[in-house]
Amino acid sequence: MKIAFVGKGGSGKTTLSSLFVRHLVSTGAPVVAVDADINQHLGPALGLDDTEAAALPAMGDRLSLIKDYLRGTNPRVRSAATMIKTTPPGEGSRLLRVRETNPVYDACARAVELDGGAVRLMVTGPFTEADLGVSCYHSKTGAVELCLNHLVDGPDEYVVVDMTAGSDSFASGMFTRFDMTFLVAEPTRKGVSVYRQYKEYARDFGVTLKVVGNKVQGEDDLDFLRAEVGDDLLVTVGHSNWVRAMEKGRPPRFELLEDVNQRALEQLRTAADATYEQRDWERYTRQMVHFHLKNAQSWGNERTGADLAAQVDPGFVLGESLTAPV
């Protein structure tokens, strides 16, 4: 299952995505976690110290390797240099799977131990001073989108992505790449403003969106969120001594997380798992192609000097039944 955590900066989306990853790992589920936010905080939230987090390999710095691998023998992609973040897979493309070992994971993922289990963590890499004036941060997150386009995952397998803050993911089609999007919202006007943007943009693309109310302190806060987001409100989370200790770098064993918050995480998983039966791989592939053609026309063709519409394989549908990559 592909799951995104989104929300405005400071909403707590990274904290909640890290708690959800810990919850999944504690049940023995295979998990790939991706920090797609240019402000890289997921590693520390999963227990890495500053030195360990800084040493994580940046996907954005390994984009050539990612392209070379995913291209495979796809005859419609003339070279890795003509691949852009929205390039869809086709016959001959290599695909990624959650449980496998492959050169992309070898280069870009690192195992993070979590209370006896482990998660594969991948990060886009930070937006550095060297990028100022010469690079758009979407070039960093493009590596994540390309991988998601080539990812085949099944039930009880999880890819959890901590997304860029606000509505920046709408700059491409990445917001359509998920089975479930959890929008973390504080009980304030600013807190629900990103929800309204997501709801509006996602309406025509069948995006499953649920709101997680964070920093909820009482009935007043709860009533506010119910009035603003209605039935999209799935669960709320309040103060956590466990989270406070984690933010100090001294997290207790995860089993000591408060019962009410453990139950909230289980509700998130139940909601995400329920979307499996609604999967429509044809629609998923069609949306991928839609955004690729938009990007090709607006900037991709000019940037690469190629007709990127020719990369679309009209008979190809991504899905679990496809044979393993070679």
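The values are calculated or read from the model by the stated rules, or taken from the named source; none is laboratory data. Everything numeric in this text was worked out from a predicted model, so none of it was measured. Every residue, glycine as well, gets a Cβ built from its backbone with ideal geometry; the counts of neighbours run over all protein chains shown. Heavy atoms of the whole protein, side chains included, go into the accessibility calculation; ligands, DNA and RNA do not. Shrake-Rupley method; radii C 1.70, N 1.55, O 1.52, S 1.80 Å.
Observations, loosely collected:
- Residue within the stretch 290-300 that is more than 24 Å from the chain's Cα centre (by Cα) and of a type in the set (S, T, N, Q) present: yes
- Check on ASP280, farther than 30 Å from ASP50 by Cβ and open to solvent by 80 Å² or more (accessible area, probe 1.4 Å): no
- Check on ASP231, of a type in the set (Asp, Glu) and under 20 Å from the mean Cα position of the chain (by Cα): no
- Sole residue being more than 30 Å from ALA202 (Cα to Cα) and of a type outside the set (Asp, Glu), chosen from ALA54, ALA58: ALA54
- Looking only at the stretch 5-30, residues that are polar (S, T, N, Q), open to solvent by less than 10 Å² (accessible area, probe 1.4 Å) and assigned to a helix (DSSP H, G or I) come to 2 in all.
- Only a single item in (1) without any contact (Cβ under 8 Å) to a residue 24 or more places away in the chain; (2) over 22 Å from VAL160 (Cβ atoms) is not met by THR270, and it is number (2).
- In the stretch 223-273, the residue that is surrounded by the fewest Cβ atoms within 10 Å (Cβ to Cβ) out of those that are within 16 Å of PHE182 (Cα to Cα) and of a type in the set (Ser, Thr, Tyr) is THR270.
- Tallying residues that are at pLDDT below 95 and in contact with an Asp or Glu (Cβ under 8 Å, 6 or more places away or on another chain) within the stretch 27-41 yields 3.
- Selection of the stretch 209-222 for residues being within 28 Å of PHE178 (Cβ to Cβ) and part of a helix (DSSP H, G or I) yields ASP221, LEU222.
- Qualifying position, being over 16 Å from GLU247 (Cα atoms), crowded, with 18+ Cβ neighbours inside 10 Å and of a type outside the set (D, E, K, R), among ALA33, ALA45, ALA53: ALA33
- The residues of the stretch 160-194 that are in a helix (DSSP H, G or I) and either at pLDDT below 90 or not hydroxyl-bearing (Ser, Thr, Tyr) (or both), listed by number, are ASP168, SER169, PHE170, ALA171, MET174, PHE175, ARG189, LYS190, GLY191, VAL192, SER193, VAL194.
- Any hit, the stretch 118-132, residues being of a type in the set (D, E, K, R) and modelled with pLDDT of 95 or more: yes
- Test set (1) at pLDDT below 95; (2) touching a strand residue (DSSP E or B) at 6+ places or on another chain (Cβ under 9 Å); (3) among the aliphatic types (A, V, I, L, M); (4) part of a helix (DSSP H, G or I) - MET246 fails condition number: (2)
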